[in-house]
Structures are given as structure tokens and as C-alpha cells.
Amino acid sequence: MRLSDRALMLNPSPTMSIDAKAKAMKASGISVVGFGAGEPDFDTPDHIKHAAVAAIWSGMTKYTPVAGTNELKEAICSKFKVDQGLEYQPSQIVASAGAKHSLFNAIQVLVHAGDEVILPAPYWVSYLEQIKLAGAEAKIVETQEINGFKITPAELESVINQRTRLLILNTPGNPTGAVYSEAELRALGEVIVRHDITIISDEVYEKILYDGLRHVSIASISPDLKERTVVINAVSKAYAMTGWRIGYAAAPSSVASAMASLQSHSTSNPTSIAQAASVAALCGDQEPINRMVEEYTQRRNYMLERLLSIPGITCNRPGGAFYLFPNVKSYFKKTFKGSVINCATDLATVLLEETQVAVVPGVAFGNDSCLRLSYAVSMDNIREGMDRITTLMERIY
Ligand SMILES: *Cc1c(COP(=O)(O)O)cnc(C)c1O
């Protein structure tokens, strides 16, 4: 059967293919240590699960308004107010089936064929495919490790032209853990307002922060920026609710209406039961987040120390999210068992095949000098995996 050009243009997710290989090895009884995970390993807190069960028994099992229940939209508005001092009306909120869904809807309603979307690399995989699906062109800007993998105002300005429509920002960032400070956002914001560009700000890791860092949304910097920004967030990462599929966008009214309208003809409302659970997540006890972040902190510290003790590896200290993004370039052109390692993907393959440790090659995120290692896995797994990696790297020369 003939496939559309749209379908043919899509690349399968490279994070999924190494994951599939790792899972197949696991299924055949091999002890694989998986650092590929893109989701919290914690269970959803009990009070959230109870809210979902109660929602089922109270009959919340029907369609809701497309953009979400009033309760959920109010809870999201109050979250923005409390966390960022951002004032949104419920009509400016669109709840969806996950941040990924909100990003898709936002990009679909904001860009048209021929538009350019500025995408700082390393980037989260789906942005690129979603830009292509909207018929637009990604203008990839390679950020520098010495700048903490954050785009600078000069880099941003240098790629802006007549066709530039949108910038996608992700803070705290996946895969690098980069966190933009208020001053950095203000400086970028100056360029953005001057050139009248729209921003999609993906803030799904806002609650997973270390070393006393504070999350700042670029929308909160000034009214000029707020009216140019679509903020994307979700309960997925903060509350260990990836399977529940609730995300949301906050946007200027015209954009929010367009997103809701698009959603009304595709998925309709996100699951009524998961919406009720998300109200409990946003309005209930926030202590579970602190416990998870405490645990992530210990894992990050340990894993980073182990990585940095391997000769030739450099790695930024992530300020947020739950990934390390070490640079392994000094191993390129060296050999393992007679084969030359040319890129991070070769190294990821050797790690999986020789020592059964699954990591994601950076090329998936637009950077083939680095690997992504997730520490949303138990400390025991981290110890075992880091032992294996350390031993293997000594055999490359
Ligand atoms: C996980 C992730 C998402 C998707 O979140 P969902 O709510 O599960 O759709 C979006 N952006 C980034 C950067 C992520 O890491």
C-alpha cells in the first residue's frame, strides 16, 4: 500500500531501537543494565492512584470538555500562579494526552510550510519530527558544551531570518540536564522580542532540579515574552505519571483556542480518569517530589563521579532532569578488539554487545560525540553498570 510523503519523511525513534535490542537481550535471559530509560522509575504516589479509583466509582467516565475539566484547568492555573507568578485564565489552558501531544498541537497551529523553527541541539528527539510533520524546516543550532549546552543570544540572533517563526526551548533540558537561569532567559528574550519570534517552552522537568537551582519560565520574564510563549508541561515526569498521559499547554487565548480546536477533531479530551488523578497530583501533597529529587540527587552525584573518573570523559553537571550527557570523543579512532570506534553510536553498540549496558547514542539528539545515560534507575543498577562501563573503557586503546 502506498504511504504518504508525510509518513515516509518520519524517522523511527533511535532511542527506541537500542531499547528494543536491550529488551530482546533481557528477554533471552541476559543481565542487561539499562541506562536508556526516559521515565521515572518510581511508582505514582498513592494519593494520586486513589483519586483515579474514586473518579471511576463516582462516574467520571464520560467525555469531558476537549481542553480538560474545569477542576483540572483551575488546578493548572493555580500551579502557574504559585510556582511562577504567571496569571492564566482557564480558557488559556489546554490539557492533552501528554506533553508530547501538547507540543504536537502547538507546532501544528503555529507554523506553516516553509517556516523555520530554531531548534538548539542537543534536542529532545520528537521536536525534529514534529517540525517536519508540520511542513516546516528545523534550523538546528549546535550549542557548546562549554556553554553548558545552552543557546546564547548571539547564536540565536545569527540564525534568525525572514522565515524564522519559532524557537523551541527546553529547560531543564533532556538530554543534557541544562537549566537556563533567569539572566540567560532575559538575554534570549531581548532577541526574541526584537525579532518578534514565538517560543515553545517545554518545562516538563521543572520540578526535577538540583543544587538549589530555581526553575524560571521564559513566559514569566515580561508581558512581551508571555504573549509570545506557549508553555508546555505535564504531570508525567514530576509525579512519576508517564503512563497516565496528561500534559498541558498555557498560551495566548487565540493559540489555546486553535489547539483545542485541533484536538477536538483528533483525540478529543484526554482521559477523564487521568485528569482527576492529575488534579490530585497538582493540588495534593508535594512531598513525594522532594523524596524523588533527593534520590535522583544521590544517583546523579555518584554516577557523575564514576564517569569523570574514566580517563578522557568530560561531562557537565546536570542542573535538572535525570540524564548525564558525557562526551566520549577522546575514544574515537581508538580500537576495541580490532574494530575502530568512529562515533558515539559505535561506542554504544560495543557497550551493549560486550558488557550489556544500554545507553543512548547522542546522535539521537543531534550530537554524536556524547552518550545519554539515564539515572532514573536504582542505585544498585547504577553501581553495576558503572563498573561494567569502567572496565570496558580500559580495553579501548
Ligand atoms: C518526556 C518528555 C516529554 C513528553 O512528556 P509526556 O508528558 O510523557 O508526553 C516532553 N519533552 C521532554 C523534553 C521530555 O523528556
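The values are calculated or read from the model by the stated rules, or taken from the named source; none is laboratory data. Everything quoted here is computed from the prediction, not taken from an experiment. All Cβ positions, even for glycine, are placed from backbone atoms using ideal geometry, and neighbour counts span all protein chains on display.
Some notes on this structure:
- The condition of being over 25 Å from VAL360 (Cα atoms) and free of Cβ contacts under 8 Å to residues at least 60 places away in the same chain holds for HIS195.
- Taking the range 251-351 as the region of interest, the helices (runs of 4 or more DSSP H) fully inside it that hold 3 or more residues being over 27 Å from ALA178 (Cβ atoms) are 253-264, 272-283.
- Candidate set from the range 50-72 (those that are part of a helix (DSSP H, G or I) and free of Cβ contacts under 8 Å to residues at least 40 places away in the same chain); member that is farthest from ILE289 (Cα to Cα): TRP57
- Residue that is surrounded by the most Cβ atoms within 10 Å (Cβ to Cβ), among those in the range 131-151 that are of a type outside the set (A, V, I, L, M, F, W, C) and part of a loop (DSSP other than H, G, I, E, B): THR143
- Taken together, the residues in the range 91-125 that are within 30 Å of THR69 (Cβ to Cβ) and out of contact with any Gly (no Cβ under 9 Å at 6 or more places or on another chain) amount to 9.
- Filtering the range 37-45 for residues that are aliphatic (A, V, I, L, M) and outside the structural domain of GLN263 (by TED's automatic domain parsing) leaves a non-empty set.
- Taking the listed residues LEU128, LEU156, LEU103, the one that is assigned to a helix (DSSP H, G or I), away from the ligand (no atom under 16 Å from the Cβ) and buried (at least 18 other Cβ atoms within 10 Å of the Cβ) is LEU156, with no other qualifying.
- Every residue from the range 95-138 that is without any contact (Cβ under 8 Å) to a residue 40 or more places away in the chain and under 20 Å from the mean Cα position of the chain (by Cα): PHE104, GLN130, ILE131, ALA134, ALA138
- Only a single criterion out of (1) assigned to a strand (DSSP E or B); (2) surrounded by fewer than 17 Cβ atoms within 10 Å (Cβ to Cβ) is not satisfied by LEU371, namely (2).
- Qualifying residue in the range 196-203 (condition: among the polar types (S, T, N, Q), part of a helix (DSSP H, G or I) and more than 16 Å from the ligand (Cβ to nearest atom)): no
- Some residue of the range 31-49 being crowded, with 20+ Cβ neighbours inside 10 Å, part of a helix (DSSP H, G or I) and not polar (S, T, N, Q): yes
- Within the range 62-117, the set of residues being closer than 19 Å to TYR239 by Cβ and among the polar types (S, T, N, Q) comprises THR69, SER78, GLN84, SER96, SER102.
- Of the residues making up the range 204-244, those that are within 12 Å of the ligand (Cβ to nearest atom) and either farther than 26 Å from GLY38 by Cα or surrounded by fewer than 21 Cβ atoms within 10 Å (Cβ to Cβ) (or both) are THR242, GLY243.
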